[in-house]
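What follows is one structure encoded as structure tokens, with my remarks underneath.
The values are calculated or read from the model by the stated rules, or taken from the named source; none is laboratory data. Quick caveat, the model's predicted, so the values are computed rather than measured. Counting neighbours? That spans all protein chains shown, and the Cβs are built from the backbone with ideal geometry, glycine included. Side chains included, ligands, DNA and RNA excluded: accessible areas come from the protein's heavy atoms. Shrake-Rupley method; radii C 1.70, N 1.55, O 1.52, S 1.80 Å.
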Amino acid sequence: MLLEKLSVRNFRQFYGDQELTFSTDEKKNVTVIHGRNTGGKTALRNAITWCLYDELDKDLSEPGKLINFEFVKEGGTTCRVELEVFYEGDRYHIQRQLPYPNSPTKFSINKIYDDGKHDPIDNPDNFVNSILPKDMSEHFFFHGESKSPKTEDKRKVRQAIRDILGFAFAEQAVADITK
């Protein structure tokens, strides 16, 4: 999966519509996000993981307050995060929205065609996990200020890699053939 663009609307400290475009150049394919403390770097990473998995950092202060404080003071009740990504040659629009405080989120993925038409993806959670399992996400979208991985984390990485490569299916097939 190649991230192309992240858009946030009234998410955490980001008031209104904000957009971040990632490098998709084949040779210059790194996007560096640099800023002062409390500038929103961690909020951007949380926006991505919330959009994909409906999860936030465990150590995030006030995780229940996703909607921008200033927007709430004005009577606002919703926030949204959108990702545009490429996967296996196709473009997808991924969106998660919190319609009201303390309500369930709305999650959707659409495959986007060159002519602008789109098709919704059935079971978007399964689709995301087939590209990047939730257990692996913390190793791609990592908290740079956190400590080094523990042994337990290394086991999770190993298992997630095995899952991506389809080892569970292969091992089950071997077991079935043996029987």
*Please give every one of the aspartates and glutamates within straight-line cross-link reach of LYS73, meaning a C-alpha to C-alpha distance under 18 Å, and leave out same-chain neighbours fewer than 8 residues apart.*
ASP17, GLU62
*GNM flexibility winner over the chain from VAL85, VAL72, VAL32 (Cα, springs under 10 Å)*: VAL32
*State the dimensionless ratio Rg/Rh of the chain (Rg: radius of gyration of Cα atoms; Rh: Kirkwood radius).*
1.01
*So what is the orientation-averaged projected area of the stretch 52-102, using the convex hull of its C-alpha atoms, in nm²?*
4.6
*Could you list, in their original order, any pairs among LYS134/LYS156; LYS27/LYS156; LYS65/LYS111; LYS5/LYS65; LYS41/LYS65 whose Cα atoms are separated by more than 22 Å?*
LYS27/LYS156; LYS65/LYS111; LYS5/LYS65
*How high is the relative contact order of the stretch 1-82, given as a whole-number percent (alpha carbon pairs under 8 Å, six or more residues apart)?*
40
_Charge sum, other residues only, whose C-beta stays under 11 Å from GLN95's C-beta, Lys/Arg counted +1 and Asp/Glu -1_ = +2
_Order by protection proxy (mean Cβ within 10 Å, highest first), peptides 23-31, 52-60_ = 52-60, 23-31
*Which of the trypsin sites (Lys or Arg not before Pro) across the stretch 73-130 are loop residues per DSSP, with 12 or fewer other Cβ within 10 Å?*
LYS117
*State, to one decimal in nm, how far the label point of HIS34 lies from the label point of ALA168, with both points 7 Å from Cα in the Cβ direction.*
4.1
*Share of carbon and sulfur in the accessible heavy-atom surface of the chain [1.4 Å probe, %]*: 51
*Using a 1.4 angstrom probe, figure out how much accessible area the chain has per residue, in square angstrom, rounded to the nearest whole.*
68
*Cα to Cα, under 13 Å, and not fewer than 8 places away if on the same chain: which aspartates and glutamates meet these conditions relative to LYS58?*
GLU138
*Any idea what the relative contact order of the chain is, in percent, if you count C-alpha pairs under 8 Å spaced at least 6 apart?*
18
